[in-house]
Amino acid sequence: MASLNVGNLGEYLREQRRQAQLSLRQLAEAAGVSNPYLSQIERGLRKPSADILQQLAKALRISAETLYVQAGILDERDRDEVETRAVILADPSINERQKQVLLQIYESFRKENALDAPEVPDVPGVPDAPAGEKPSQTN
């Protein structure tokens, strides 16, 4: 898990608040946090929890995952996976069984592609292990 990037998070929150045309007090009230606490978050003095970020996202009408990425809690690739799953689950045109099948297929493709990706960087002079075998460790 990445460390919190509080300065960028605060700047991002402030920009989102301004775009939503909300005062600091209005956003604090809508998110259920105190005005001074929100001010400290925006100035990069506080590290909000995931729960607080979720409350702020809801009040700003943006995805919580976006704030998690800004805070360094969630990797950009993880956010893409979460959002893809959310879109599938929210689709009213397919039934629950179809949603579960789609999610299973999606997960199988992700696993297959992860297996195809090299797990460790190539080291000159060290041969790759044959498919299905783990490289041996030397001391």
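Which residue is modelled with the highest pLDDT, if the candidates are limited to region 97-120 and must be open to solvent by 60 Å² or more (accessible area, probe 1.4 Å) and of a type in the set (D, E, K, R)?
Checking each candidate, the answer is Arg97.
Anything in region 7-22 that is assigned to a loop (DSSP other than H, G, I, E, B) and either open to solvent by 70 Å² or more (accessible area, probe 1.4 Å) or closer than 19 Å to Pro48 by Cα (or both)? List them, or say none.
To start, the set of residues in region 7-22 that are assigned to a loop (DSSP other than H, G, I, E, B) comprises 20-22.
Correct list: Gln21 only.
Suppose we keep only residues that are of a type outside the set (Lys, Arg) and assigned to a loop (DSSP other than H, G, I, E, B) within region 23-45. Which one would you say is most open to solvent (accessible area, probe 1.4 Å)? Working first, answer last.
Step one: filter region 23-45 for residues of a type outside the set (Lys, Arg), giving 23-24, 26-42, 44-45.
Those still in the list that are assigned to a loop (DSSP other than H, G, I, E, B) too: 23, 32-34, 44-45.
Details: Ser23: 49, Gly32: 61, Val33: 22, Ser34: 60, Gly44: 29, Leu45: 113 Å².
Out of the qualifying residues, it is Leu45.
Only one of (1) under 19 Å from Ala20 (Cα atoms); (2) not in a helix (DSSP H, G or I) fails for Leu53. Which number is that?
In the conditions (1) under 19 Å from Ala20 (Cα atoms); (2) not in a helix (DSSP H, G or I), Leu53 misses (2) alone.
For region 53-99, which positions are of a type in the set (A, V, I, L, M, F, W, C) and either touching a Cys at 6+ places or on another chain (Cβ under 8 Å) or over 28 Å from Ser39 (Cα atoms) (or both)? Quick ask: steps written out before the conclusion?
In the first step, residues of region 53-99 are kept if they are of a type in the set (A, V, I, L, M, F, W, C); the result is 53, 56-57, 59-60, 62, 64, 67, 69, 71, 73-74, 82, 86-90, 94.
Val82, Ala86, Val87, Ile88, Leu89, Ala90, Ile94 - these are the residues of region 53-99 that are of a type in the set (A, V, I, L, M, F, W, C) and either touching a Cys at 6+ places or on another chain (Cβ under 8 Å) or over 28 Å from Ser39 (Cα atoms) (or both).
Just to be sure I understand the filter: pairs with C-beta atoms under 7 Å, separated by 6 or more residues or on different chains, first member in region 54-77 and surrounded by fewer than 16 Cβ atoms within 10 Å (Cβ to Cβ), second member outside any loop (DSSP other than H, G, I, E, B) and hydrophobic (A, V, I, L, M, F, W, C). Which pairs pass?
Glu76/Val69
What residue, of Ile52, Ile73, is aliphatic (A, V, I, L, M) and over 30 Å from Leu102 (Cα atoms)?
So the residue among Ile52, Ile73 that is aliphatic (A, V, I, L, M) and over 30 Å from Leu102 (Cα atoms) is Ile52.
I need the full set of residues from region 78-96 which are of a type outside the set (A, V, I, L, M, F, W, C), open to solvent by less than 70 Å² (accessible area, probe 1.4 Å) and not in a loop (DSSP other than H, G, I, E, B), in order please. Spell out how you get there, then give the answer.
So in region 78-96, the residues of a type outside the set (A, V, I, L, M, F, W, C) come out as 78-81, 83-85, 91-93, 95-96.
Pick out the ones that are also open to solvent by less than 70 Å² (accessible area, probe 1.4 Å) and you get 78-79, 81, 83-85, 91.
Within region 78-96, Asp78, Arg79, Glu81, Glu83, Thr84, Arg85 qualify.
The values are calculated or read from the model by the stated rules, or taken from the named source; none is laboratory data. Only a predicted model underlies this, so the values are computations on that prediction, with no experimental measurement involved. Note: ideal-geometry Cβ built from the backbone for every residue, glycine included; neighbour counts use all protein chains shown. Ligands, DNA and RNA are stripped out before the accessible areas are found, and what is left, the full protein with its side chains, is counted by its heavy atoms. Shrake-Rupley method; radii C 1.70, N 1.55, O 1.52, S 1.80 Å.
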